[in-house]
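Student: What follows is a single structure, and I will ask about it in a moment.
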Amino acid sequence: MNERILVADDEPDIADLVCLYLQNENFQTIPCYSGREALEQIQKEKPDLAILDIMMPGTSGLFVCRKIRETDAYPVIFLTAKGEEIDQINGLAMGADDYITKPFRPLEMVARVKAQLRRYKKYNAPREEEDILARGALTINVRTHECHLGGKELKLTPTEFSVLEILCRKKGSVVSSEELFHAIWQDEYYSRKNNTITVHIRHLREKMGDSIEHPKYIKTVWGCGYKIEDH
């Protein structure tokens, strides 16, 4: 592996620990000890993935993520002590693909980095599957990574796009949160307490103008999972 991983945390011990575990897996690392330094490095180095702390003084990880999303689609993972659901919602809404809370398990962090890179490479590689998915007013172009609803383009994060693509490919079949989690991240660390999929579903519904109580597009099958039907 030669992928370049940017790691930004204002606590040098944590940033260096993360870099050490990534280097042990043959990743190249770009350590940054402030949000400002991270902004400078993403312009110079063009990483393949970024791991950002949220609570960095001056320039926060949220701001850095927003700047990345203005020009690039590579994966972003938040690694932060802010573990409340609203913090996770805000982080994913900024365009992050995953959210890990401190204290964290280094091997789990490495597994999630690998899963995000696999997913990103998958969507930038030649595909044999169907490229255009249409479910009623919803159209997904997998090759160009574009999504339209009723003719209006939806601005989706890479992970949101992945969730929607999986649901569309299932053609009305129910997909559980666990199935979505493993299909996207491809790691073994799924827990029923993990609400990452729920948060992404919520954001998708908001962007689609869908109702949580009476959804038209992404429907919840209680105790089972989610599905999208043609309309």
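Student: Which of the residues that make up the range 1-53 are touching a Lys or Arg at 6+ places or on another chain (Cβ under 8 Å) and either in a loop (DSSP other than H, G, I, E, B) or of a type in the set (D, E, K, R) (or both)?
Tutor: Arg4, Glu25, Phe27, Glu45, Lys46, Pro47, Asp48
Student: In the range 212-222, is there at least one residue being closer than 24 Å to Gly91 by Cβ, at pLDDT below 85, part of a helix (DSSP H, G or I) and open to solvent by 80 Å² or more (accessible area, probe 1.4 Å)?
Tutor: Checked against the condition, which is being closer than 24 Å to Gly91 by Cβ, at pLDDT below 85, part of a helix (DSSP H, G or I) and open to solvent by 80 Å² or more (accessible area, probe 1.4 Å), the range 212-222 yields no hits at all.
Student: For the range 28-47, name all the residues that are buried (at least 21 other Cβ atoms within 10 Å of the Cβ) and either more than 22 Å from Arg66 (Cβ to Cβ) or in contact (Cβ under 8 Å) with a residue 40 or more places away in the chain (or both).
Tutor: The answer is Pro47, and nothing else.
Student: If a residue must be free of Cβ contacts under 8 Å to residues at least 40 places away in the same chain and either closer than 22 Å to His145 by Cβ or more than 12 Å from the chain's Cα centre (by Cα) (or both), how many such residues does the range 79-103 contain? Walk me through how you get there before you give the answer.
Tutor: Of all residues in the range 79-103, those free of Cβ contacts under 8 Å to residues at least 40 places away in the same chain come to 80-84, 86-87, 90-91, 94, 100-101, 103.
Remaining after also requiring either closer than 22 Å to His145 by Cβ or more than 12 Å from the chain's Cα centre (by Cα) (or both): 80-84, 86-87, 90-91, 94, 101, 103.
Count: 12.
Student: Right, something else. Can you find a residue that is part of a helix (DSSP H, G or I), under 24 Å from Leu20 (Cα atoms) and open to solvent by less than 10 Å² (accessible area, probe 1.4 Å) anywhere in the range 88-109?
Tutor: Kept after step one, since they are part of a helix (DSSP H, G or I), are these residues of the range 88-109: 88-93, 106-109.
Checking the rest, the ones that are also under 24 Å from Leu20 (Cα atoms) come to 106-109.
Still in the running and open to solvent by less than 10 Å² (accessible area, probe 1.4 Å): 109.
Looking through the range 88-109, at least one residue is part of a helix (DSSP H, G or I), under 24 Å from Leu20 (Cα atoms) and open to solvent by less than 10 Å² (accessible area, probe 1.4 Å).
Student: Return the residues of the range 50-72 that are under 12 Å from Val7 (Cβ atoms) and surrounded by fewer than 23 Cβ atoms within 10 Å (Cβ to Cβ); say none if nothing qualifies.
Tutor: Within the range 50-72, no residue meets the criteria.
Student: Hey, another quick one. So, of the residues in the range 73-84 that are of a type outside the set (Lys, Arg) and in a loop (DSSP other than H, G, I, E, B), which turns out to be surrounded by the fewest Cβ atoms within 10 Å (Cβ to Cβ)? Before you say what the answer is, go through the steps one by one.
Tutor: Quick first cut of the range 73-84, residues of a type outside the set (Lys, Arg) only: 73-81, 83-84.
Still in the list and also in a loop (DSSP other than H, G, I, E, B): 73-75, 81, 83-84.
Working: Ala73: 16, Tyr74: 21, Pro75: 26, Ala81: 14, Gly83: 11, Glu84: 9.
So, considering only residues that are of a type outside the set (Lys, Arg) and in a loop (DSSP other than H, G, I, E, B), the one surrounded by the fewest Cβ atoms within 10 Å (Cβ to Cβ) is Glu84.
Student: Further question on the same structure: Going through the range 147-160 one residue at a time, which ones are surrounded by 12 or more Cβ atoms within 10 Å (Cβ to Cβ) and either at pLDDT 90 or above or part of a loop (DSSP other than H, G, I, E, B) (or both)? Spell out how you get there, then give the answer.
Tutor: First, the residues of the range 147-160 that are surrounded by 12 or more Cβ atoms within 10 Å (Cβ to Cβ): 147-149, 154, 156-160.
Across the range 147-160, the qualifying residues are Cys147, His148, Leu149, Leu154, Leu156, Thr157.
Student: Taking only the range 18-27 into account, find how many residues are under 20 Å from Ile42 (Cα atoms) and open to solvent by less than 80 Å² (accessible area, probe 1.4 Å).
Tutor: Qualifying residue count, the range 18-27: 4.
The values are calculated or read from the model by the stated rules, or taken from the named source; none is laboratory data. Everything numeric in this text was worked out from a predicted model, so none of it was measured. Here the Cβ is made from the backbone with ideal geometry for all residues, glycine too, and neighbour counts use every protein chain on show. Heads up: the accessible areas ignore ligands, DNA and RNA and are worked out on the full protein's heavy atoms, side chains in. Shrake-Rupley method; radii C 1.70, N 1.55, O 1.52, S 1.80 Å.
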